[in-house]
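Working notes for the structure below.
What follows is calculated from the coordinates using simple rules that are stated; it is not laboratory data. In this text, all values refer to a predicted model and were calculated from it rather than measured experimentally. Backbone-built Cβ (ideal geometry, glycine too); neighbour counts: all protein chains shown.
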Amino acid sequence: MEQARKNLRKLRGSSDEQVEDELRLMILREEKNRELRANVRFWHIFKRDHLQRTLVAGSFYSLNQISGIILSTTYTTIFLSQIGVADVFSLTIIASCCTLAGTIAAPLVIDRAGRRPTAFVGMGVLLVIDTVAGSLAFYTENKHATVAIAALSFIFNFFWASSFYSLSNVMPTEMATPKLRHFIMSYTIACQGITAVITTLVVPHLTSADAANLGAKTYLVFAGCMAGILIWVYFLMPETRGRTFAEIDEMYAAKVPAWKWRSYQTKEQTKTSESRNRADAVKDAPNTT
């Protein structure tokens, strides 16, 4: 405890009284967290009250794997070589830079537009790119078609990083009830690992010349997957922007459909609104003195 006090003094440069206040709050928070997680077990995430949240949260990383990103990252060099694109290494570096740019843009987009709008726009763009790139793969003897496929793979990386991938990091932590968050995140990462192994095994058999020999046509397979993902998003992905964990728990308990979360008025919001109305009424009341 004494070491904690010393560290806080170094970090904050505050008076002893302020350090003691902060330390006391930290202890209270830690005790509350321990009470919250007491008697909680991993299998509780599969109980009826939490099952939908668990399955939806666990799906984000897994669905990422079947968006087509594996073609635009892991197998970029292979399929670009197959369709005759020159200087593949430089193009791979550009693709990585596009992913970085999307990751930088993601926080601004997600917080300003909201989770569901970001998902629909971003994933809609990914669906279009998958479809167009896969269709162009039938005309790889045309140099313009191969250049277009390469360009589309770069654009894909940007929109994937700024929407799908970033939402996959945000949504599971926001959807989970606080006492089960660490278990749900463990489940989510496990699902991602399993799906990654499956796609890593399957995709080479689709793209390789000595197997299905689809090459970049494999984008069409992922286009079908993205169409299904968009339907999944509409029915199951909630809008959590600006919501507290208490509000999220309340809306799940009330079984509010995912597409109605944005406009749903929680009890907490209703109380706040009523308090403001009463305060405004008192303020606007005529002074009789």
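Just flag the trypsin sites (Lys or Arg not before Pro) in the stretch 211-257 sitting in loop per DSSP whose Cβ has no more than 11 other Cβ atoms within 10 Å. Sites meeting the loop and neighbour criteria: Lys255. The length gained by stretching the chain between Arg41 and Ile231 to full extension, at 0.36 nm per residue less their Cα-Cα distance, is 65.2 nm. For the chain, hydrophobic long helices are taken as DSSP H runs at least 30 Å long by C-alpha position along their axis with mean Kyte-Doolittle hydropathy of 0.0 or more; these are 88-113, 115-136, 181-207. Where a ≥ b ≥ c are the square roots of the eigenvalues of the C-alpha gyration tensor, would you call the stretch 1-72 rounded, which needs a/c under 1.5, or, failing that, prolate if a/b is larger than b/c, or oblate? Here the stretch 1-72 falls in the oblate category.
Each label point was placed 7 Å from the Cα along the Cα-to-Cβ direction; for Ala148 and Ala4 their separation is 6.3 nm. Taking every DSSP helix (H) stretch of at least 4 residues in the chain, weighting each as -39,500 (n - 2.57) and dividing the sum by the residue count yields a mean residue ellipticity at 222 nm of -24000 deg cm²/dmol.
Subtracting the Cα-Cα distance of Ala211 and Arg112 from 0.36 nm times their residue separation leaves 31.1 nm of extension gain. Rounded to the nearest 0.05, what FRET efficiency is calculated for Ser135 and Ile194 with R0 set to 35 Å and r the Cβ-Cβ distance? According to the calculation, E is roughly 0.70. Under the combined filter of DSSP loop state and at most 13 neighbouring Cβ atoms within 10 Å, the stretch 27-67 retains these trypsin sites (Lys or Arg not before Pro): Arg41, Lys47.
Between Glu31 and Phe245, the modelled labels are 1.8 nm apart [label points 7 Å from Cα along Cα→Cβ]. Between the labelled values (1) 55; (2) 64; (3) 51, the entry that holds percent of Cα pairs over 29 Å apart as derived from this structure is (3). In the stretch 51-263, a dipole from Cβ-located charges (positive for Lys and Arg, negative for Asp and Glu) runs towards its positive end, and of Trp259, Ile189, Phe89 it is Trp259 whose Cα lies farthest in that direction. Sorted ascending by nearby beta carbons within 10 Å, beginning with the fewest, Trp43, Trp232, Trp160 become Trp43, Trp232, Trp160.
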